Every structure is written in structure tokens, then in C-alpha cells.
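A.B. asks: I have a structure I would like to understand better, so I am pasting it below and will then ask my questions one at a time.
The values are calculated or read from the model by the stated rules, or taken from the named source; none is laboratory data. Source: prediction; values computed, not measured. So basically every Cβ, Gly included, is an ideal-geometry build from the backbone, and we count neighbours across all protein chains shown. Side chains are part of the model used for accessible areas, which takes the heavy atoms of the whole protein and leaves out ligands, DNA and RNA. Shrake-Rupley method; radii C 1.70, N 1.55, O 1.52, S 1.80 Å.
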Amino acid sequence: LAYMIVKFKTFNIKLISTQALVFALGFLVLAILFIRKIENVKIIVIFTLVFVIALGYALIKSVKKEIKQKEELAMTNGQLSEFMSFASHEIKGPMSFIKGITSMALDSSLGELTPKLKEALRRIYIRSNDLIDLASQYLNKSKIELNQISYAFEDFDIGSELKQIVEDFQQNAEEQKIIVRYDSIGKEIFLVKADKLKMKEVFRNIIGNSIKFTPKGS
């Protein structure tokens, strides 16, 4: 046990105190082997007992303090993760609404736009998309830390979902002078059984990183 504490800092106790206890015990026990009079042995044993009780108490107190600090830190981290999860979820809603309205405007569904206004809306669309992705990352990180990750498996057409994701990234790609194209194979439906939201996030990460780190091309 002493070797584990000293070598691997199992309980994260102060190393000097632990080494002092280990070496002192070793020295006192070894000293008994060289003492012939029983009276002297008793003195050594009493001294050893007092020493162990005193330093052992200090070490136990130190361990309890370390444990308490770790529990408080874990509680603080848990509260922070809960807050980040709540904040990320609340951010995604309004940003998705802004993205939807901006997308409709860019498609001329809300009327004709001047070139300057269209460019401004295009930038709003791109930044709102970035914020949604960022909020999703924080939300997932918080759920992992809180052990709240769950999966909702369902059958869905991954082709149509991927096509929509590609359309969402068109504005980002144009800004980077990158061509992103979705090629469908006829009208075939590609059914998969998976968690649709998490699969969409996987594809969003792949396409987003591809656009970010591709200097030019498609």
C-alpha cells in the first residue's frame, strides 16, 4: 500500500509525508532486530506506535480533504455541464429559426432582394449555421459528461437527409470557393436504421471539415 501511494500517488497525498512514514517505519522495525533487551524493544514499539498514530492521523486527514475537494470539483463540473447543456439547447432554437427565415429570403420566397441585401443575408445564414454547429458540439459534450447520451433508432432515407445537409452548406462552400455537389443514383431510396439526428451530425462534421480544410476544388 505504501509503495502504491509513493510510486503512483494513489491517493494524491503529499509525497514527503508518505515517504517519511514509510522510511521511519522501516527504520524502527529494523532497529528491533538489533536490540537484545526487552525493555528497549518496548520503548521502540511504543515510539513506533505513537509515531504511526500521529502521522497516520495526519495522512488520513489529508486523504479526506483530497476526497472532499474532488467531490466538490465533480459537483461544480456537473453543474457547469448542466448549464452548458441548457444554454446550448436554448441557443439552437432561435438560431434555427433565423437560419430558416434567412434561407427562405435567399431563395426569393419572400420577394426579390438587392445584391447587397442578399450578400448580407448570405453571411447571416453562414454564421447562424456555424453557431448551430457549435451549440450542438457543446450540447453533446455536456450530455457525455452527464452520462445522458441516448439513441433513438428509426428507419429513414439517408439520401434525402444528406441532400438537405449539402444544401445547408452551399453558402459556406461558396464563400470558400468550394463546390459541394450531391449526386443521387436515380430515384432510389436508401433506407437505414439509425439515430437520424446523430447521423446527420456525423455528415455535417465531415462536410464542414472538408470545406474548412480544402483549399480549392469540389
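A.B. asks: Exactly one of these conditions fails for ALA135: (1) over 26 Å from SER218 (Cβ atoms); (2) without any contact (Cβ under 8 Å) to a residue 40 or more places away in the chain. Give me its number.
C.D. replies: (2)
For (1) more than 16 Å from ASN129 (Cα to Cα); (2) modelled with pLDDT under 80; (3) hydrophobic (A, V, I, L, M, F, W, C), each residue gets a yes or a no:
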{"site": "ILE144", "(1), (2), (3)": "yes, yes, yes"}
{"site": "GLN148", "(1), (2), (3)": "yes, yes, no"}
{"site": "GLU154", "(1), (2), (3)": "yes, no, no"}
{"site": "PHE169", "(1), (2), (3)": "no, no, yes"}
{"site": "ILE185", "(1), (2), (3)": "yes, yes, yes"}
{"site": "PHE203", "(1), (2), (3)": "no, no, yes"}
{"site": "SER210", "(1), (2), (3)": "no, no, no"}
{"site": "PHE213", "(1), (2), (3)": "yes, no, yes"}
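A.B. asks: Counting residues that are open to solvent by 70 Å² or more (accessible area, probe 1.4 Å), which helices (runs of 4 or more DSSP H) fully inside the stretch 124-218 reach at least 2?
C.D. replies: By residue number, 158-168, 196-213.
A.B. asks: Sticking with this structure for a sec: List, please: which pairs have Cβ atoms under 8 Å, are six or more places apart or on different chains, and start with a residue in the stretch 157-184 that is closer than 19 Å to MET199 by Cα and end with one that is among the acidic types (Asp, Glu)?
C.D. replies: Final answer for the pair search is GLY159/GLU188; TYR182/GLU167.
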